[in-house]
Amino acid sequence: MTPIYFTITSAFILGLTGLAFNRSHLLSALICLEGMMLSLFLAIAIWSMMVSSPSLSLAPMILLTFSACEASSGLALLVAATRTHGTDHLNNLNLLQC
C-alpha cells in the first residue's frame, strides 16, 4: 500500500472511529463527518486522475457539492438544536420531546 492510500484510509477510519466513540457533542459529530467526506473527496480525485477518464473528472466536484450541502444542513440543525435546547449535547436531544 502506498503512503497516499494509507493516509487517505487512515483519515477515513479516524473520522469513523471519532464518530462512533465520541458522541457527546453534535459539533464533534459533524466535524468527523466532514473529515470523512474530505478523505473520500481526495480518494476519488486521485483515482480519477490515475484513470484519466473524461467521464470521471466530474465525480470529485459532485462529491464536494454534496459535502457542502451536508455541512450547511448540519450547521442549520446545530443552530436549531442549540436555540431550542440550549446546548448541543447529544444526550439531551430526545426526538420524542420535539
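The values are calculated or read from the model by the stated rules, or taken from the named source; none is laboratory data. Note that the structure is a prediction, hence the values are computed from the model and not measured. Every residue, glycine among them, receives a Cβ derived from its backbone with ideal geometry; neighbour counts consider all protein chains shown. With ligands, DNA and RNA removed, areas are computed over all heavy atoms of the protein, side chains included. Shrake-Rupley method; radii C 1.70, N 1.55, O 1.52, S 1.80 Å.
Annotation note: of LEU38, LEU14, the sole residue that is within 19 Å of ALA68 (Cβ to Cβ) and open to solvent by 70 Å² or more (accessible area, probe 1.4 Å) is LEU38. Checking each residue in the stretch 17-27 for being surrounded by 15 or more Cβ atoms within 10 Å (Cβ to Cβ) and without any contact (Cβ under 8 Å) to a residue 40 or more places away in the chain picks out GLY18, LEU19.
Being open to solvent by 80 Å² or more (accessible area, probe 1.4 Å) and in a loop (DSSP other than H, G, I, E, B) holds for only one residue in MET50, MET1, and it is MET1. Within the option set LEU78, LEU56, being out of contact with any His (no Cβ under 8 Å at 6 or more places or on another chain), modelled with pLDDT under 90 and surrounded by fewer than 16 Cβ atoms within 10 Å (Cβ to Cβ) holds for one residue only, LEU56. Going through (1) modelled with pLDDT of 90 or more; (2) surrounded by 11 or more Cβ atoms within 10 Å (Cβ to Cβ) one by one, LEU90 falls short only on (1).
Within the stretch 79-91, identify whether any single residue is within 23 Å of SER10 (Cα to Cα), assigned to a helix (DSSP H, G or I) and not hydroxyl-bearing (Ser, Thr, Tyr), and answer yes or no. Checked against the condition, which is being within 23 Å of SER10 (Cα to Cα), assigned to a helix (DSSP H, G or I) and not hydroxyl-bearing (Ser, Thr, Tyr), the stretch 79-91 yields no hits at all.
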